[in-house]
Structure formats: structure tokens, C-alpha cells
Amino acid sequence: MAELIIKDKDFSGELLAFAQDLVRIQSYSGQEEPAARAIAAKMEALGYDEVRVDSCGSVLGRIGSGPVSLMFESHTDTVVVNDPHEWAYPPFSGEIADGFLWGRGSVDMKGALAASVYAPIIAQSRGALDGKTIYVSCSVFEEDCDGVATSNLLDEFNLRPDFAVICEPSGNTVAIGHKGKAQVVIQTHGVSAHGSAPEKGVNAVYEMAEIIQRVEQTNLNLPVLDGRKGTLVLSRISSKAVSLNAVPDECEIYLDRRLVIGENETTLQAEVEKIIGNKNATWEIDTIHRTAWTGKPITYHPLHAAWKIPADHHLTQSCVHAFEQVFGRAPQVFTFWDFGTNAVALVGRDIPCIGFGPGDSKLAHMRDEKCPVDQIVDACAFYARVIEQI
Ligand SMILES: [Zn+2]
């Protein structure tokens with residue numbers, strides 16, 4: 001495990017105590033206020049030059065004011081816990097046992113967030129902040145609305161960092177990109193008729209039946225592009241009829257489509273048009289409405305392309321060198337996340353992104369979520385070295 005030394009004092013214990021405090025503060029999406037206040041207070045206490053909260057309730061800390069700017073991006077919210085009594089340690093206990101920080105949000109992603117808050121302080125103590133501006137963004141509502149809160153923060157504070165590190169869990173490997181996502185709603189339209197005279201109507205569910213078969217086939221036949229394959233999942237189905245004695249005149253399915261490099265809005269459009277084919281059907285990208293803890297409405301259109309940073313990019317090389325300094329060896333594997341992150345807001349603005357964070361992403365959203373404490377400390381050491389290298 002790395003050491004986080006500032007003036008002969010090791011800050012590892014303080015960092016882990018902060019990560020524990022954050023796990024103990026429940027912060028479901030839309031209810032992040034107490035966590036946001038705790039993060040802002042910690043940034044103030046650590047001597048950040050500026051701490052601001054935006055209209056959605058995301059926190060932005062800044063240290064330094066040099067010409068080269070780097071942002072660390074984490075989200076404050078977590079998914080809910082439905083089974084608190086089934087957990088080995090209560091989900092909001094923030095227990096440290098067997099080398100792990102246990103609890104909801106430990107992996108996704110309060111361990112990483114805590115590490116990102118301390119990293120600029122470590123870098124500053126080494127004189128590595130000269131000529132640099134470091135932003136630490138702790139955004140709300142990522143779980144439901146990738147990128148929306150981060151976009152709000154960038155726009156509201158008129159920020160355009162030169163580089164960004166997404167601190168989502170990667171098992172402390174360098175993540176060089178992630179898949180894109182589209183959430184699509186398809187509706188078929190029929191004609192209502194009395195249940196005793198179905199021949200007078202058109203059953204929207206029967207119209208949908210063939211579309212469903214095509215969805216399944218499309219998923220099986222998705223092309224391999226850039227060494228990866230997308231996915232297509234039918235995740236919900238519903239229908240409407242005027243009564244249970246009537247022919248349904250509307251049927252709706254929800255599709256979760258994960259996109260790889262080479263797939264985009266145009267290819268998606270062609271794919272869905274082909275799925276609908278000759279059926280009396282319409283489709284659209286979903287619109288998701290939420291409300292931030294500040295009361296501000298959040299609107300999300302789930303359509304993002306995949307992204308990948310080149311191996312020879314300055315940010316990638318900075319991360320490789322930082323990795324070598326912390327772990328004493330070159331990175332052996334690079335991660336490509338299957339899931340989406342707030343990177344979509346940054347890459348959408350042509351801001352180069354890379355990922356790195358403690359913990360196994362497969363434990364996110366699960367019972368007994370836990371994050372190795374040595375990875376939290378090492379991630380902080382890594383972030384501090386990235387600041388030095390950039
Ligand atoms: Zn996350």
C-alpha cells in the first residue's frame with residue numbers, strides 16, 4: 001500500500017475515515033444533500049482555494065490556478081438498498097474489516113471520491129501544483145442520468161478542463177474508454193375492439209410479437225467492431241387496452257442498447273427502423289425526468305457514443321507514468337468499461353478522459369458491496385502522481 005505523506009504525517013488513516021464517513025451518509029440519487037455538505041466541508045477544511053455547489057447540488061472544489069487544468073470526476077449518489085438485513089455488515093455502517101471498506105457506495109464510488117478529494121493536497125505538499133489548476137467534481141444523480149449533472153456543472157461554472165480522470169471503479173487499472181448507450185422505446189399501434197369480436201380490431205401485442213423476435217435476432221447478429229460487440233436487451237414490456245375485455249391498441253417495449261466504437265446515432269437509427277420494418281410502430285429515444293435535491297428538474301436523453309483514448313495521448317502516458325511510480329511496474333492490463341459514466345459529458349465536449357478507481361466494479365449495486373482499503377489509498381497516491389505528471 002502506498003504512503004500518503006505530508007510533512008512527515010501519513011494521511012492514509014484520515015482519508016479512510018473520510019471514506020467511512022461518506023458511506024455512513026445515505027445518499028440515494030436525488031437525496032445527496034447531506035453528502036454534498038460533508039464533501040464541501042471537507043474541501044474547506046483541507047484548504048481548497050474555492051468550493052462551490054451548483055444548481056443541481058453537485059460540489060466543485062478547486063486548488064491552484066495554473067494554465068494546465070485537470071478535473072477528477074466522481075458521483076456522490078448511490079443506488080438504493082432493498083435488503084439491509086441480508087448484508088454481512090449493515091450497508092451504512094462504513095465498517096472496515098478484513099481489509100475492506102464495507103457498505104453501499106464503498107465501490108461505487110465513495111472510496112474513489114474520498115481519494116480524489118485528498119489527492120490534490122498530497123500533490124500540493126510536493127510542490128506539484130505549480131502551473132496547474134485541479135478541479136474535484138462530486139456530482140449528483142449519475143446513477144439515473146449519465147453526464148447530466150456534470151454537464152450542468154461545466155456549463156454553470158463555465159469550465160473546460162484540459163483533461164479529466166473518471167474515478168469510477170476499475171480495480172486500480174487504467175480504463176481507456178467505455179461503451180456507449182441508447183435507451184429506446186418502441187410502440188406498436190392497434191385498433192381497440194370488444195374482446196368478443198377481435199376480428200374488428202388490430203391487436204397491438206400481436207404486432208409487437210414479431211418485433212420482439214427481431215430484437216432477439218438483432219442482438220445475436222450484432223457485429224464485432226474494434227474488437228468488441230454491443231448488446232441489445234429488451235428490458236420491459238407493457239400494453240394498454242380500454243379494459244380486460246378489449247383488444248389492446250398499444251404495446252410498448254423498452255430496449256437497452258450498449259454501443260461499441262463505430263456505432264452511433266445513424267447506425268442505431270437504421271437498426272431500429274429495420275427492427276420495426278413493416279409493422280405499425282413508432283420509436284424514440286427515452287426521456288427521463290428527475291428532480292435534484294436542490295429542486296432543479298433534471299432531463300436526460302440516454303444516447304451516448306462509446307469513447308476510447310489513444311495509447312499515445314498525453315493523458316494516457318501521464319497515467320502510465322503515474323502508475324509506474326505508485327506500483328513500481330508498468331500497467332499490465334487496461335480496462336474498457338462496459339458501463340456508462342459521467343465521462344459522456346466531458347468527451348461530448350472534446351475533453352480527453354481516462355478512468356481509474358479503486359474496487360471491483362462487479363460489486364457495485366450489489367449486496368455486501370465492499371472496496372479494498374489499500375486500493376483506496378493507492379488510488380489517492382495515483383491521482384496525486386497524475387497531477388504531478390500532467
Ligand atoms: Zn458509479
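Would you confirm whether any residue within segment 112-120 is touching a residue at least 60 places away in the same chain (Cβ under 8 Å), under 30 Å from Ala292 (Cα atoms), within 12 Å of the ligand (Cβ to nearest atom) and in the same structural domain as Leu46 (by TED's automatic domain parsing)?
Within segment 112-120 (the criterion being touching a residue at least 60 places away in the same chain (Cβ under 8 Å), under 30 Å from Ala292 (Cα atoms), within 12 Å of the ligand (Cβ to nearest atom) and in the same structural domain as Leu46 (by TED's automatic domain parsing)), the answer is yes, since at least one residue qualifies.
Of the residues in segment 286-329, how many are under 19 Å from the mean Cα position of the chain (by Cα) and either among the acidic types (Asp, Glu) or under 30 Å from Leu234 (Cβ atoms) (or both)?
So the count comes out to 17.
Per-residue answers, yes or no, for (1) farther than 30 Å from Leu244 by Cβ; (2) out of contact with any His (no Cβ under 8 Å at 6 or more places or on another chain); (3) in contact (Cβ under 8 Å) with a residue 12 or more places away in the chain:
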residue	(1), (2), (3)
Val148	yes, yes, yes
Ser151	yes, yes, yes
Phe157	yes, yes, yes
Arg160	yes, yes, yes
Ala164	yes, yes, yes
His178	yes, yes, yes
Lys181	yes, no, yes
Ile186	no, yes, yes
Gly195	no, yes, yes
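Can you spot a residue in segment 345-358 that is more than 16 Å from the ligand (Cβ to nearest atom), of a type in the set (A, V, I, L, M), free of Cβ contacts under 8 Å to residues at least 60 places away in the same chain and out of contact with any Asp or Glu (no Cβ under 6 Å at 6 or more places or on another chain)?
yes
Report the residue count in segment 5-30 for those that are under 16 Å from Ile122 (Cα atoms), assigned to a loop (DSSP other than H, G, I, E, B) and open to solvent by 70 Å² or more (accessible area, probe 1.4 Å).
Going through segment 5-30 one residue at a time, the tally reaches 2.
Tally time: how many residues in segment 121-151 are in contact with a helix residue (DSSP H, G or I) (Cβ under 8 Å, 6 or more places away or on another chain), away from the ligand (no atom under 11 Å from the Cβ) and part of a loop (DSSP other than H, G, I, E, B)?
Result for segment 121-151: 6.
Could you check segment 220-288 for strands (runs of 3 or more DSSP E) lying wholly inside it with 1 or more residues that are more than 13 Å from Val185 (Cβ to Cβ)?
Correct list: 231-240, 250-259.
The values are calculated or read from the model by the stated rules, or taken from the named source; none is laboratory data. This structure is a prediction, so every number in the text was calculated from the model and none was measured. Don't worry about glycine lacking a Cβ; one is built from the backbone with ideal geometry, like all the others, and counts go over all protein chains shown. Side chains are part of the model used for accessible areas, which takes the heavy atoms of the whole protein and leaves out ligands, DNA and RNA. Shrake-Rupley method; radii C 1.70, N 1.55, O 1.52, S 1.80 Å.
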